[in-house]
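A.B. asks: Dropping a structure here in structure tokens format, bear with me for questions.
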Amino acid sequence: MQQTFQEALQLPIFTILRQAAKENRVDCYVIGGFVRDYLLHRGTPKDIDIVAIGSGIQLAEKVASLLPNKPKVSVFKNFGTAMLKYQGVELEFVGARKESYHHSSRKPIIENGSLEDDQNRRDFTINALAISLNERNYGALIDPFNGVTDLKEKIIRTPLSPEITYSDDPLRMMRAIRFATQLEFKIALPSLQAIGANKDRITIISKERIVDELCKILASKKPSIGLSLLHKTELLSYILPELVALQGIEEIEGQRHKDNFWHTLEVVDNISKTTDNLWLRWAALLHDIGKAPTKKFHKKLGWTFHGHEFVGAKMVYKIFKRLRMPLNDKMKFVQKMVLMSSRPIVLSEDFTTDSAVRRLVFDAGDNVEDLMTLCEADITTKNIKKQNKYKNNFKLVRQKIKEVEERDQVRNFQPPVSGEEIMRIFNLKPSKEIGIIKEAIKEAILDGKIPNDYESAKQYMFKKAEQLGIKY
Ligand code: CTP
């Protein structure tokens, strides 16, 4: 007996779809993510996929004509798809087909097919679930591959043999890992093996689509699930070989360093507990990236990674460029976090002077809290004593930051005396001396020699000018 899921079809749009299907005499079903997420109680949908056993485009146009606001229908003729927006939800229409389909694939549609053909060609059993919108069986769940069982058993499985499904669209290898991360599901073994075997096919997929999946993995509750699957299947070597290079522990003369790959994964998981900021999560992912190229062994010092933050920040740019990610303020933020990632640690290890904290706040500006969040996430020691010690030290640093901030306001520092004013007072033209005086005032404030106010800065300006032999 077919189960009915009429209660899944509460949105008013489904009544319209039912009517449109009836009037166009075409069968149609809601399919894919909507049904999956309904069964998983995953909240309100942002998009709804509709498959028509016939023309998806004509059905979309019919639906639009029945809606009160007559929304615009975007038609993608080559792919046989259409899209319209209603009450903030995107409705995507497609005609069922025999060949593999995906809206962003370049392949033209070959042949119209039945619902079953269409379900066969979808990526996973849990994404192939359909609910009927037709008069005769409105609300019936059509689940030919036991997708509901897979949902219950938390398993990602392909409807056809994984080799076929993944070769239809190799992005699905990333999607499998992404869903496994988001839903905390297991990937069925044959599927996992097929990903490993076909990993090089990822090279035909655009960087944008790969990064999209990677960002979804990073935005999940526990990104290490996906990152370790990417590593296990070796897809990661194609996407972020710099990260793979961090894996391994070397030992020379009995001295070992930590495995920076697995450490990084822990840091990403840690930070994901405290922030949803995707770019801060990216910073966590890349914070140690410079450690592979800077690693050295010294007889006296043991393992060192001198300048890894600087090298790492440069690598961030290269990675973003290669992955066709935006080279904008987000990239600069990640670079800055990587560059500064060791600064609070140094502060927490030593006795912290106010001037060191002032410099940190000055250099980090508005990103100082994010930087502290990153550093706290970086604590992965299993030694509880050490863990507590580091955590407490960071608490002290945070406290000091607060105090220094309240007193000195060096965040987004603006020099209290401007260059123009210096020129005016000393009747100078733009020259090197102006820069020297301004810099000296800034340094004096950061060092705590003078308070961050106009009068003190002015006094200091006169003193400095005198030293430089400038007449008043
Ligand atoms: N699909 C597919 N192969 C792909 C992409 C999508 O078979 N490479 C099918 C799946 O049936 C999927 C549906 O198209 O459920 C819609 O795809 P998409 O909107 O990308 O994903 P959702 O499943 O809706 O999930 P999410 O919104 O989380 O991406």
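A.B. asks: Output wanted: per-residue J couplings in Hz (rounded whole) for region 328-343, from phi through Karplus 6.51 cos²θ - 1.76 cosθ + 1.60, θ = phi - 60°, x for Gly and Pro.
C.D. replies: For region 328-343, the Karplus-derived couplings read 10, 4, 5, 4, 5, 4, 4, 4, 5, 5, 5, 4, 9, 4, 9, 4 Hz, x marking Gly and Pro.
A.B. asks: Just subtract the alpha-carbon distance of residue 455 and residue 116 from 0.36 nm times their residue separation and send over the number in nm, one decimal.
C.D. replies: Roughly 114.1 nm would be gained on extension.
A.B. asks: What nm value, rounded to one decimal, do you get for the distance between residue 349 and residue 414 when each label is placed 7 Å out toward the C-beta?
C.D. replies: About 3.8 nm separates the two model spin labels.
A.B. asks: Another question, if that's okay. Per DSSP helix of 4 or more residues, -39500 (n - 2.57); summed, then divided by the residues of the chain. What does that give at 222 nm, rounded to the nearest 500?
C.D. replies: One gets -15500 deg cm²/dmol as the mean residue ellipticity at 222 nm.
A.B. asks: I need the calculated FRET efficiency for the pair residue 228 and residue 314, taking r as the beta carbon distance and R₀ as 30 Å, to the nearest 0.05.
C.D. replies: On the way: r = 27 Å, r/R0 = 0.89.
Using R0 = 30 Å, I get an efficiency of 0.65.
A.B. asks: Still on this structure, I have one more. Within region 237-259, find all residues whose amide N lies under 17 Å from a label point positioned 7 Å from the Cα of residue 207 along Cα-to-beta-carbon.
C.D. replies: Residues 237-243 qualify, since their backbone N sits under 17 Å from the label point.
A.B. asks: Could you list, bin by bin from short to long, the percent of Cα-Cα pairs of region 73-193 in 10 Å steps?
C.D. replies: 13, 38, 38, 11, 0
A.B. asks: Return the loop-located chymotrypsin sites (Phe, Trp or Tyr not before Pro) in region 281-357 (DSSP other than H, G, I, E, B) with at most 10 other Cβ atoms within 10 Å of their own Cβ; answer none if there are none.
C.D. replies: 351
A.B. asks: Whole-Hz ³J(HN,Hα) for each residue in region 113-121, computed from phi via Karplus 6.51 cos²θ - 1.76 cosθ + 1.60 with θ = phi - 60°, x for glycine and proline: what do you get?
C.D. replies: x, 8, 4, 5, 4, 5, 5, 4, 8
A.B. asks: If you don't mind, there's one more thing I want to ask. Distance between the C-alpha centers of region 1-28 and region 52-75? Whole Å please.
C.D. replies: What the calculation gives is 14 Å, centre to centre.
A.B. asks: Quick one: Cα centre-to-centre distance for region 196-269 and region 292-324, in angstrom?
C.D. replies: The distance from the Cα centre of region 196-269 to that of region 292-324 comes to 17 Å.
A.B. asks: Follow-up. How would you rank 450, 470, going from fewest to most other Cβ atoms within 10 Å of each one's own Cβ?
C.D. replies: In order of increasing Cβ crowding within 10 Å: 450, 470.
A.B. asks: Given the pairs 46/72; 391/438; 72/321; 314/402; 186/386; 207/273, which span a C-alpha to C-alpha distance of over 26 angstrom in this model?
C.D. replies: From 46/72; 391/438; 72/321; 314/402; 186/386; 207/273, over 26 Å: 391/438; 72/321; 314/402; 186/386; 207/273.
A.B. asks: Between residue 266 and residue 135, what is the label-point separation in nm under the 7 Å Cα-to-beta-carbon projection?
C.D. replies: Rounded to a tenth, the inter-label distance reads 6.5 nm.
A.B. asks: Related question: Which value, in debye to the nearest 20, describes the size of the charge dipole of the chain about its Cα centre when Lys and Arg Cβ atoms bear +1, Asp and Glu Cβ atoms bear -1, and nothing else is charged?
C.D. replies: So the dipole magnitude of the chain works out to roughly 860 debye.
A.B. asks: Take residue 237 and residue 436, extend 7 Å from each Cα along the Cα→Cβ direction, and tell me the distance between the two endpoints in nm.
C.D. replies: Inter-label distance under the simple model: 5.8 nm.
A.B. asks: So what are the ³J(HN,Hα) numbers for region 65-80, from phi and the Karplus equation (6.51, -1.76, 1.60; θ = phi - 60°), rounded to whole Hz, Gly and Pro as x?
C.D. replies: Result, rounded to whole Hz: 5, 8, 7, x, 8, 6, x, 6, 9, 8, 10, 10, 4, 4, 9, x.
A.B. asks: Name the residues of region 442-458 whose amide N is less than 20 Å from a point 7 angstrom out from the Cα of residue 423 along the C-beta direction?
C.D. replies: 442, 458
Bear in mind that the values in this text are calculations on the coordinates, not laboratory data. The structure presented is a predicted model; accordingly, all values stated were derived computationally and were not measured. Note that each Cβ is placed from the backbone with ideal geometry, even for glycine, and that neighbours are counted across all protein chains shown.
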